[in-house]
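To start, the structure under review is shown below, and the notes come after it.
The values are calculated or read from the model by the stated rules, or taken from the named source; none is laboratory data. Predicted, not measured: the structure shown is a model, and the values here were computed from it. Neighbour counts run over all protein chains shown; Cβ positions are idealised from the backbone, glycine included. Ligands, DNA and RNA are excluded from the accessible area calculation, which covers all protein heavy atoms including side chains. Shrake-Rupley method; radii C 1.70, N 1.55, O 1.52, S 1.80 Å.
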Amino acid sequence: MSDSNKSMSKKICIITGATSGIGKETAFALAEKGGSVIVVSRNDKKCISTVKAIKKKTGNNHVDHISADLSDLKQVRNLARQLKEKYPCIDVLINNAGGYFKTRLETVDDYEMNFALNHLSPFLLTNLLIDNLKESSQGRIINVSSSAHFKGKIKFEDLQLQNDFNGFNAYAQSKLALTLFNHKLAEQLKDTNVTVNALHPGLVATNFGKNNGLLRFYVRRLLNKNEITPLEGSKTITYLASSAEVAEITGGYFEKEKNTKSSDNSYNQELSKKLWEVSETLTNVSS
Ligand SMILES: NC(=O)c1ccc[n+]([C@@H]2O[C@H](COP(=O)([O-])OP(=O)(O)OC[C@H]3O[C@@H](n4cnc5c(N)ncnc54)[C@H](OP(=O)(O)O)[C@@H]3O)[C@@H](O)[C@H]2O)c1
């Protein structure tokens, strides 16, 4: 069910990873609905051209950008500082930037890349922006997870996967971590005006996985007939960001605009408490 055309008018919407794929489509959709959209991504030129394209297509001039490499926690802090200064009240934060790294890479902070980009980065950014989201009459945090999290295990004994690395397991661990974070944060914010929901966008034909080799990427694209378009893949994010139907839903996990169940592990309170504490230490969030 679609809301009225300009339902997001005056709402400050931050979207990470908005220069490609489902994040970009979401940015267009929220600008179309009148939102003030802040495109966040790592490539300044791509950010500028995305902003230009959104303004041109939607006629909405309230579109801005900040570039940051979100795998670098110092840059995440710097981004949060700029956002807090510019936008004392934030209505929507969409943690969408992410990736799948098949071979083991380390970030500048010496963390495993899947875990750092897909979990530690949104964990830190969200915690740093919480007070600004509480300023909104109805703040919404949206975490773009993946059904891969069903296969995830949190390896506390080797969280950075230095031994026995497997790319899919690393990605699955990072998305389970994000989903555990989603549910724990929703519980923490249950008496506030901020909701927190996660989603699986479907299998989407984006640039996802291109970094792991072009041949492999295009062969998979050719063989995979089940992929949906980025626009289709963005719909659940846009829905969670803008629909009145979900204004009071929190701690959910959505697929195709329906609240469904995430994995049993993702609701494990002991696991989420431990992961929260470890993530606090790794990101040094309270300093
Ligand atoms: N596609 C799928 O089938 C699928 C399925 C389940 C979940 N997901 C999730 O959906 C989300 C969006 O992925 P997508 O499919 O739209 O992929 P995509 O087309 O590759 O888009 C990813 C976005 O994240 C940005 N990004 C990547 N690394 C970054 C970094 N270090 N710092 C800042 N920004 C960074 C990219 O910037 P550039 O434009 O510069 O590359 C791009 O804007 C991810 O979290 C992914 O895990 C995707």
Phi to ³J(HN,Hα) by Karplus 6.51 cos²θ - 1.76 cosθ + 1.60 over the range 210-218, Hz, x for Gly, Pro
4, 5, 8, x, 5, 4, 4, 4, 6
Net charge of Cβ neighbours under 13 Å - reference Leu180; Lys, Arg +1; Asp, Glu -1
+1
Gap separating the Cα centres of the range 1-40 and the range 213-279, nearest whole Å:
17 Å
Please name whichever of Gly252, Tyr267, Asn226 sits farthest to the positive end of the charge dipole of the range 12-282, dipole taken about the Cα centre and charges placed at Cβ: Lys and Arg +1, Asp and Glu -1.
Asn226
Quick one: compute the contact order of the range 72-199, relative version, from alpha carbon pairs under 8 angstrom and 6+ residues apart, as a percent.
31 percent
When the accessible area of the range 12-282 is split by element with a 1.4 Å probe, what percent falls to carbon and sulfur?
50 percent
Residue-normalised accessible area of the chain, given per residue in Å² at a 1.4 Å probe
47 Å²
Please list the non-local residues whose amide H lies under 5 Å from the amide H of Thr195, H modeled 1.01 Å from N, same-chain partners needing a gap of 5 or more.
Gly139, Arg140, Ile141
Sum of -39500 (n - 2.57) over DSSP H runs of 4+, divided by residues of the chain (222 nm, nearest 500)
-13000 deg cm²/dmol
Classify the chain: rounded, prolate or oblate, from the alpha-carbon gyration tensor (a ≥ b ≥ c, eigenvalue square roots; a/c under 1.5 rounded; otherwise prolate if a/b is larger than b/c)?
rounded
Please work out whether the range 189-255 counts as rounded, prolate or oblate from its C-alpha gyration tensor, where a ≥ b ≥ c are the square roots of the eigenvalues and a/c under 1.5 means rounded, while otherwise a/b larger than b/c means prolate and anything else oblate?
prolate
May I ask which of Lys52/Lys261; Lys11/Lys190; Lys46/Lys102 have a Cα-Cα span longer than 32 Å here?
Lys52/Lys261
Say each of Asn166 and Lys6 gets a label point 7 Å from the Cα, pointing the same way as Cα to Cβ; how far apart are those two points in nm?
5.3 nm
Order by accessible surface, 1.4 Å probe, largest leading, for residues Lys258, Lys102 comes to Lys258, Lys102
